[in-house]
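Novice: Next up is a structure, given as structure tokens.
The values are calculated or read from the model by the stated rules, or taken from the named source; none is laboratory data. Computed from a predicted structure; not experimentally measured. All Cβ positions, even for glycine, are placed from backbone atoms using ideal geometry, and neighbour counts span all protein chains on display. Surface areas here come from the heavy atoms of the whole protein model, side chains and all, with no ligands, DNA or RNA. Shrake-Rupley method; radii C 1.70, N 1.55, O 1.52, S 1.80 Å.
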Amino acid sequence: STMRKRKTTDSPHSSTDLSEGKEKLRLKQEVGLISGVSLIAGTMIGSGIFMSPEWVLHHMGSPASSLLIWAACGLLAMFGALSYAELGTIIKESGGEYIYILRIFGSFPAFLFAYTSVILVRPAGLAAVCLSFAQYAVAPFYPGCSSPEVVVKCTAAACILLLTIINCLNVRLATSIMNIFTAAKLLALLVIVVGGLVLLAKGQTQSFQNAFQNTTAGIGAVGVAFYQGLWSYDGWNNLNYVTEELKKPEVTLPRAVMIAIPLVTCLYLLVNVSYLAAMTPSELLSSGAVAVTWGYKVLGSWAWLISLSVALSTFGSSNGTFFSGGRVCYIAAREGHMPDILSMAHVRCLTPSPALLFTSAVSLIMIISGSFTSIVNFFSFIAWLFYGMTISGLLYLKIKKPELPRSYKVPIIIPIIVLMAAVYLVLAPIIDQPQIEILYIVLFIFSGVILYFPLVRFKCHPHFLQRVTLHLQLFLEVAPTARDAN
């Protein structure tokens, strides 16, 4: 069978099993439909919609073509999420791309994904979103000048530490915060939407006259515009990282996707229309922060509400990123691709606290060093490389393993479209504007080979690691967990 057989043993180090002779710990199934919609929408709506519109317009050249890019990005995110929903009903385990690649293609490519995601992609993404939050949170205290870098970094670090405490204490607390902040950011976007509709009703439609004029038709420009738009939609796959914590995942997963992504897409389109109603294309292009400029033009003295909204939005988004990102580390450790301690859960809180602490620590290092900017710029390149691999795995299962039980099926044309888009998004920047940073990223991914064979394939583990793991278990009050019976 191509589907890899699941391991029936738990930790290979029985001496570190605090729960020996007792029932194994499990993560709580606390995520229902509303929390699932909040996790998807709350993570997707971050700083992107407040910052990216000017860059999409810059690369596309005209308002109408930029709106088409936003709609196409939403459609692509929807197609990707629907494809992932079928994977989630076949392989009912948490871990997203990691667990799907592991079960379909095997250990080695799954390790490369986990290595890249845990060490680089997830912490860098979390650090970037927290820095965005910090930038907007401290801006009101430094009117008329840029905020000191030290203050911004300290605020971002405080944000990460606060998120760590919240997510380590209680899953329900983390999801409740997601629900509250999702509601807050949706309200902020609705204010922008209503303000735009009022402006349109007053006849401010000059940006939509000859709307396709100056449209850029270059393949490279369209690809870069897609990257900018897709950054704002990033998070469409987040629910697949916490499948084992979903209530009735076979029902909740597809429903949450079908509610959240069309909702976000419609909001993004209406918000962009509102920006264009308030500003001419040239004004929008010259704006450093589109939402803030919109606030000054439409809300006047109440413009500070927009800065507050962006700060709330990015905090909620970073909470969703942290909530799902820690699960990748946890699942990879449970499968033997990371140290055993990262696969354990707190004996009382039932949260994967060691994995969350590890993700937090790496993110803090990235914030302090400040050298992750170039890596974040190529986030989409790495993401769509692995999205493409995951979708090709779904196509393999649909063609070669149609007998596998699944409660939800997506038409085969949808994953084919997503795979074609992934190939385009990976190859377009290489062909159009090759940059040395892409080579560095590829080299980093394959540097995992050096660790895989001695540590994973041949299991050459130093004996002192068992003692370290035992002491960490006692200190952190954690124990091994059982895999979901599904």
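Novice: Ordered by packing density, taken as the mean number of other Cβ atoms within 10 Å over each peptide's residues, highest first, how do 432-439, 32-39 rank?
Specialist: 32-39, 432-439
Novice: Related question: Expressed as a whole number of Å, what is the distance separating the alpha-carbon centroids of the range 85-106 and the range 178-212?
Specialist: If we compute the Cα centre of each part, the gap is 38 Å.
Novice: Now, a different point. Could you compute the FRET efficiency for SER369 and SER447, with r as their C-beta to C-beta distance and R0 at 30 Å, rounded to 0.05?
Specialist: Between SER369 and SER447 the formula returns 0.95.
Novice: Take the cross-link list LYS153/LYS297; LYS92/LYS248; LYS248/LYS409 and give me the ones stretching past 19 Å between alpha-carbons.
Specialist: LYS153/LYS297
Novice: While we're on this one: Report, to the nearest whole %, how much of the accessible area of the chain belongs to carbon and sulfur atoms, 1.4 Å probe, protein only.
Specialist: Here carbon and sulfur together make up 68 percent of the probe-accessible area.
Novice: Here's another thing I want to ask about it. Taking 0.36 nm per residue of sequence separation and subtracting the Cα-Cα distance, how much length would be gained by fully extending the chain between PHE458 and ILE412, in nm to one decimal?
Specialist: The PHE458-ILE412 span can extend by a further 12.7 nm.
Novice: Can you put ILE441, ILE399 in order of accessible area, largest first, using a 1.4 Å probe?
Specialist: These residues rank, largest area first, as ILE399, ILE441.
Novice: Listed highest first by mean packing, meaning other Cβ atoms within 10 Å per residue, what order do 459-466, 182-189 come in?
Specialist: 182-189, 459-466
Novice: Here's a follow-up. How much length would be gained if the chain were fully extended between LEU474 and TYR440, taking 0.36 nm per residue of separation minus their Cα-Cα distance, in nm to one decimal?
Specialist: Fully extending the segment from LEU474 to TYR440 adds 8.3 nm.
Novice: What does the highest-first list of 411-424, 230-243 look like by mean Cβ count within 10 Å?
Specialist: Output ranking for 411-424, 230-243: 230-243, 411-424.
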